[in-house]
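What follows is a set of notes on a single structure, which appears directly below.
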């Protein structure tokens, strides 16, 4: 029998989110209805072009059944909302997500945005110059803002539900000029539409955070992900100190030399809480529901709830802090400003 993690303790009072809503694929949802949120996951992740490969099946009925089972498991463990944080061109299928949300009762928030540069394709470079130059930040801002305010594009057909998050990524070797345009454009889109920004840093988390803060985006509207990478040592506390959300978003990944183990992640969570930054922690797994064109990462969307948070409680995390991390922090991040 599944025993859902209890999150029934009273929510931390937060008048700033009262009466506000969040964009989901089925329309705006009041912030207080989000419940437990998994902020950094991927429902359908497709390497661009893989959908055309003769050896890869894109059977929509099969994909639906796999994802519906995983979302139902997430809800059975106490989850209520999931964010597909893959952006525009990595398999995002808004119509599929609408059907999944209706079938499972899980709120699904889809995202706009893109990156890193190596995944963009030539369209997002200006071909009239030699060498090509990146799109200016204003064009990225316009593209992402329309997806948040007018609806996400279903290619050549229509716009559907509005994006609830802007997401972008920098190259691990360091932010390129194109990626700086992406980050600045993403920050401007977040500022103009009110939806939050999730950044996955390249070589220097604080440098990349400073780029978006330079656009006058409030730090509380920014999630800095990948802070459980080993090369981010010390950055998580500083990101939280600056007022941004600290994303420890590879929970469950224990066999990658580039990332902390869950034991080390738990120690970092405790460190952040003891330093007074519990209100800035976001936990997620970077789980992939269905992968096409790259290896599966078949971790349940419920892993944080079913396994990691109980372990955190064994390390001394209080029920109040657990509720804050699972419910209050994501709600504050995602709610329209």
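Checking residue 106 against (1) farther than 25 Å from residue 308 by Cβ; (2) surrounded by 14 or more Cβ atoms within 10 Å (Cβ to Cβ), which single condition isn't satisfied?
(1)
Considering only the stretch 61-93, state which residues are modelled with pLDDT under 95, outside any loop (DSSP other than H, G, I, E, B) and surrounded by 20 or more Cβ atoms within 10 Å (Cβ to Cβ).
63
Out of everything in the stretch 275-297 that is in a loop (DSSP other than H, G, I, E, B) and either in contact (Cβ under 8 Å) with a residue 24 or more places away in the chain or in contact with a helix residue (DSSP H, G or I) (Cβ under 6 Å, 6 or more places away or on another chain) (or both), what residue ends up being farthest from residue 200 (Cα to Cα)?
Per the criteria, the residue is 275.
Got a number for residues in the stretch 40-60 being in a strand (DSSP E or B), touching a helix residue (DSSP H, G or I) at 6+ places or on another chain (Cβ under 7 Å) and at pLDDT below 95?
Residues that pass the stated criteria total 1.
Within the stretch 158-165, can one find any residue that is under 17 Å from the mean Cα position of the chain (by Cα), in a loop (DSSP other than H, G, I, E, B) and closer than 25 Å to residue 246 by Cβ?
The answer is yes, given that some residue of the stretch 158-165 is under 17 Å from the mean Cα position of the chain (by Cα), in a loop (DSSP other than H, G, I, E, B) and closer than 25 Å to residue 246 by Cβ.
Every residue, every condition in (1) touching a residue at least 24 places away in the same chain (Cβ under 8 Å); (2) part of a helix (DSSP H, G or I); (3) in contact with a strand residue (DSSP E or B) (Cβ under 6 Å, 6 or more places away or on another chain); (4) loosely packed, with under 15 Cβ neighbours inside 10 Å, yes or no:
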{"residue": "202", "(1), (2), (3), (4)": "yes, no, no, no"}
{"residue": "217", "(1), (2), (3), (4)": "yes, no, no, no"}
{"residue": "237", "(1), (2), (3), (4)": "yes, yes, no, no"}
{"residue": "263", "(1), (2), (3), (4)": "no, yes, no, yes"}
{"residue": "267", "(1), (2), (3), (4)": "yes, yes, no, yes"}
{"residue": "273", "(1), (2), (3), (4)": "yes, yes, no, no"}
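Could you list all residues from the stretch 242-256 that are on the phi < 0 side of the Ramachandran plot and either in contact with a helix residue (DSSP H, G or I) (Cβ under 6 Å, 6 or more places away or on another chain) or outside any loop (DSSP other than H, G, I, E, B) (or both)?
242, 244, 245, 246, 247, 248, 251, 254
From the set of residues in the stretch 204-215 that are in a helix (DSSP H, G or I) and either free of Cβ contacts under 8 Å to residues at least 24 places away in the same chain or touching a helix residue (DSSP H, G or I) at 6+ places or on another chain (Cβ under 8 Å) (or both), which is surrounded by the fewest Cβ atoms within 10 Å (Cβ to Cβ)?
Taking the candidates together, the pick is 210.
If I go through the stretch 134-152 residue by residue, how many of them are free of Cβ contacts under 8 Å to residues at least 40 places away in the same chain and touching a strand residue (DSSP E or B) at 6+ places or on another chain (Cβ under 6 Å)?
Residues meeting the conditions: 2.
Within the stretch 94-132, restricting attention to residues that are in a strand (DSSP E or B) and out of contact with any helix residue (DSSP H, G or I) (no Cβ under 8 Å at 6 or more places or on another chain), which residue is modelled with the lowest pLDDT?
126
The values are calculated or read from the model by the stated rules, or taken from the named source; none is laboratory data. Only a predicted model underlies this, so the values are computations on that prediction, with no experimental measurement involved. Don't worry about glycine lacking a Cβ; one is built from the backbone with ideal geometry, like all the others, and counts go over all protein chains shown.
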